[in-house]
Each structure stands twice: as structure tokens, then as C-alpha cells.
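*Asks:* Could you have a look at this structure, given as C-alpha cells, before my questions?
The values are calculated or read from the model by the stated rules, or taken from the named source; none is laboratory data. Here the structure is a predicted model, which is why all the values come from computation and not from measurement. Every residue, glycine among them, receives a Cβ derived from its backbone with ideal geometry; neighbour counts consider all protein chains shown. Just so you know, the surface numbers come from the protein's heavy atoms only, side chains and all, with ligands and any DNA or RNA stripped out. Shrake-Rupley method; radii C 1.70, N 1.55, O 1.52, S 1.80 Å.
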Amino acid sequence: LRFEQQAMACGAAVHWAETAAEAQHIVADIARQHGVRKIVKSKSMVTEECALNESLEHAGFEVIETDLGEYIRQLAHEPPSHIVAPVVHKSRDEISDLFAQHHGTPRKTGIAELCREAREVLRPHFLSADMGISGANFLIAETGSALIVTNEGNGRLATTRPRVHVAITGIEKVVPTLEDVS
């Protein structure tokens with residue numbers, strides 16, 4: 001409750017959902033209220049558990065995963081195979097084939113080339129997205145802020161570039177103070 005109070009004092013809206021269906025409904029309503037067409041997402045296991053992408057796509061929104069592994073998984077129409085490494089089961093050749101098929105580009109096999117291609121494909125989506133969705137590693141009660149930890153720049157772009165940001169996380173992520181995060 002302290003987090004909610006502080007977040008609202010900073011201008012954020014806080015929504016509570018007990019079920020996946022409630023979370024899906026809340027996010028779709030936020031998107032509709034803001035005239036959202038395209039949504040970019042940073043990695044979030046809670047949204048995976050809630051089947052949020054499928055729900056938003058069914059409601060008519062374009063949803064693009066921007067974490068490299070999640071993006072590959074989305075192109076392949078597969079669930080994540082690991083909580084941290086969602087496409088650890090895929091070989092470089094499989095990813096090369098997937099990119100060539102979906103991007104309409106010549107097949108590349110180098111890891112750096114494949115990463116560059118993904119960045120080039122995803123960059124315009126960051127610039128044209130109306131909403132960004134992320135998880136949160138911590139919600140800090142004393143400040144009303146959300147903290148994400150990521151090793152890719154997509155998290156920063158998904159949370160700051162679109163005009164609307166929605167952070168979705170469980171209540172277990174709330175910590176009392178910024179000092180508690182460390």
C-alpha cells in the first residue's frame with residue numbers, strides 16, 4: 001500500500017489484478033484509453049504466465065517482444081524453454097533460418113551479424129510504439145518506483161520511448177526501501 005501511495009504521488013496509476021484475466025483486461029483497457037496500436041515489450045515472465053501477448057493480439061494490438069531471446073521465440077511461435085534463456089534450445093542455424101524467413105533478408109550465420117539484424121529490425125518498432133510493457137525486478141515502496149535489471153538496451157527503450165509504460169509484476173517484488181534492493 002505504501003508503494004501504491006508513493007507511485008500515485010509521482011503521477012503513476014496502480015492497478016491490482018488477482019488473475020491473469022484481470023491483468024489482461026486492465027492492460028487492454030489502458031491501451032484502448034490511450035489509443036495504442038503498437039506495443040513493445042521487454043522481457044517479463046509474469047506477462048508470459050498471464051498469456052498477455054496472445055490476449056492483446058486477440059484484442060487487435062500489435063505486440064513485439066524486444067528481448068533478443070523472446071523476439072526469437074515470438075517469431076518461432078514457441079513458449080520459452082528457460083526462465084533466463086528462453087531459446088537456449090535453438091541452434092544458430094535455426095535462428096539464421098528463422099530470421100531469413102521472417103525478415104526477408106539473406107541468411108546470416110555469425111552471431112554478431114544476427115544480433116545486428118535483430119537490432120535493425122527492432123529499432124523502428126521502438127520509435128513507432130505507443131506503449132511499452134516491462135516487468136519489474138523490484139517495486140520500491142518508499143519511492144514508488146519500479147526497477148528493472150537487464151543486460152540489453154531494450155528494457156530502457158521499452159520503458160522510456162513509448163508514451164505509455166506499463167510495468168507488470170507480482171506483489172512479492174515490493175521492497176520497503178531503496179537500500180533493501182541492494
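*Asks:* For the ranges 37-46, 88-97, 149-158, what's the packing order if you count other beta-carbon atoms within 10 Å of each residue, average per peptide, and put the highest first?
*Replies:* Averaged packing, sorted descending, gives the order 37-46, 149-158, 88-97.
*Asks:* Percent relative contact order of the range 1-128, based on C-alpha pairs within less than 8 angstrom and at least six residues apart?
*Replies:* Averaging sequence separation for qualifying contacts and normalising by length gives 16 percent for the range 1-128.
*Asks:* How high is the FRET efficiency from residue 85 to residue 181, r the C-beta distance, R0 22 Å, rounded to 0.05?
*Replies:* 0.35
*Asks:* In nanometres, what is the gap between the two model label sites at residue 78 and residue 17, each 7 Å from Cα along Cα-to-Cβ?
*Replies:* About 2.6 nm, to one decimal.
*Asks:* Per residue, how much accessible area does the chain have with a 1.4 Å probe, in Å²?
*Replies:* It amounts to 56 Å² per residue over the chain.
*Asks:* Same structure, new question: Put 27, 121 in order of accessible area, largest first, 1.4 Å probe: what do you get?
*Replies:* In descending accessible area the options line up as 121, 27.
*Asks:* To continue, here is another question. Regarding the range 58-182, what's the average projected area of the Cα-atom convex hull, expressed in nm²?
*Replies:* Average of the hull's projected areas for the range 58-182 equals 9.1 nm².
*Asks:* Counting Lys and Arg as +1 and Asp and Glu as -1, each charge on the Cβ, what is the dipole of the range 35-182 about the Cα centre in debye, to the nearest 20?
*Replies:* Using Cβ point charges on Lys, Arg, Asp and Glu, the range 35-182 gives about 540 debye.
*Asks:* Within the accessible area of the range 1-65, what % is carbon and sulfur when the probe is 1.4 Å and the other protein chains stay in place?
*Replies:* Roughly 52 percent, rounded to a whole number.
*Asks:* Among 101, 139, 71, whose Cα projects farthest towards the positive end of the dipole of the range 59-182, with charges put on the beta-carbon of Lys, Arg (+1) and Asp, Glu (-1)?
*Replies:* Farthest towards the positive end: 101.
*Asks:* Could I ask something else about it? Calculate how many DSSP beta bridges within the chain are antiparallel, expressed in % of all such bridges and rounded to the nearest 5.
*Replies:* Counting only bridges with both partners in the chain, antiparallel ones make up about 20 percent.
*Asks:* Here is a further query. Please identify which residues in the range 128-144 have an amide N closer than 16 Å to a label point set 7 Å out from the Cα of residue 62, following the Cα→Cβ vector.
*Replies:* Once the point is set 7 Å along Cα→Cβ of residue 62, 128-133 turn out to lie under 16 Å by backbone N, inside the range 128-144.
*Asks:* Pulled fully out, how much extra length does the chain show between residue 1 and residue 92, if you take 0.36 nm times their separation in residues and subtract their Cα-Cα distance?
*Replies:* Result for the pair: 28.2 nm of gain on full extension.
*Asks:* Between rounded, prolate and oblate, where does the range 2-45 land on the alpha carbon gyration tensor, with a ≥ b ≥ c its root eigenvalues, rounded for a/c under 1.5, else prolate if a/b exceeds b/c?
*Replies:* prolate
*Asks:* Taking H as built 1.01 Å from N, whose amide H comes closer than 5 Å to the amide H of residue 166, not counting residues under 5 places away?
*Replies:* 132, 133, 134
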